[in-house]
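Single-structure report; data block below.
All of the numbers you see were taken from the coordinates with simple rules; none came from a lab. Treat the numbers as computed from the prediction; the structure is a model and nothing was measured. Glycine gets a Cβ as well: all are built from the backbone with ideal geometry, and neighbour counts include every protein chain shown.
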Amino acid sequence: MIQAPSSIFDDNRYSGDRGAHKNLKRAEKARVLAGNIPSIVENLTSKVKAWEMERGVPFLYDKASLLNVLAEYAQLRLEREEEKRRSREQKKLQDQLATEQEAIFGSRPATKKPLCQSNMIGTPIRRVSTPSGRHGTSGKERREITRPNIAAINYVALPKE
């Protein structure tokens, strides 16, 4: 069975780093090749059938008939495509149901987030710049030790009515 390259699961494949265009180009080539697989399987099936008819012997791959392996692959591919189609239809129905409920009851209220957390208010920890402080810790340790400068929020008292 043919598997997709692991690069398609890499979240950083679209980053602006050096060589990103090469990753995109490689991914596009893989996508085109994957689109050609059904026709390649059909072509191979017809050639194997012709070979078997000519020789009168089954074509074996890993001690199994290649025609059976190809038929199994084609069946799995059809099942996967059917599953994708079903999940798309189900998502479409869920979106439609959500839209109908939104029309009936109104849109969902946004969850309110607190302006700040009490444990984040305070003065940041600062390191004293010493020779050992400059060279004694790695960048990761410095990032863990220093905290962002968070200013306290001033609350204005509202007049009582």
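Values for this structure:
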item	result
Hz values of 3J(HN,Hα) by residue in region 58-68 - Karplus curve (6.51, -1.76, 1.60), Gly and Pro given as x	x, 7, 9, 9, 6, 6, 9, 5, 5, 4, 5
Using a Förster distance of 22 Å, the FRET efficiency for residue 86-residue 41 (Cβ separation, nearest 0.05)	0.45
Nearest-0.05 FRET efficiency for residue 21 and residue 76, computed from C-beta distance (R0 35 Å)	0.55
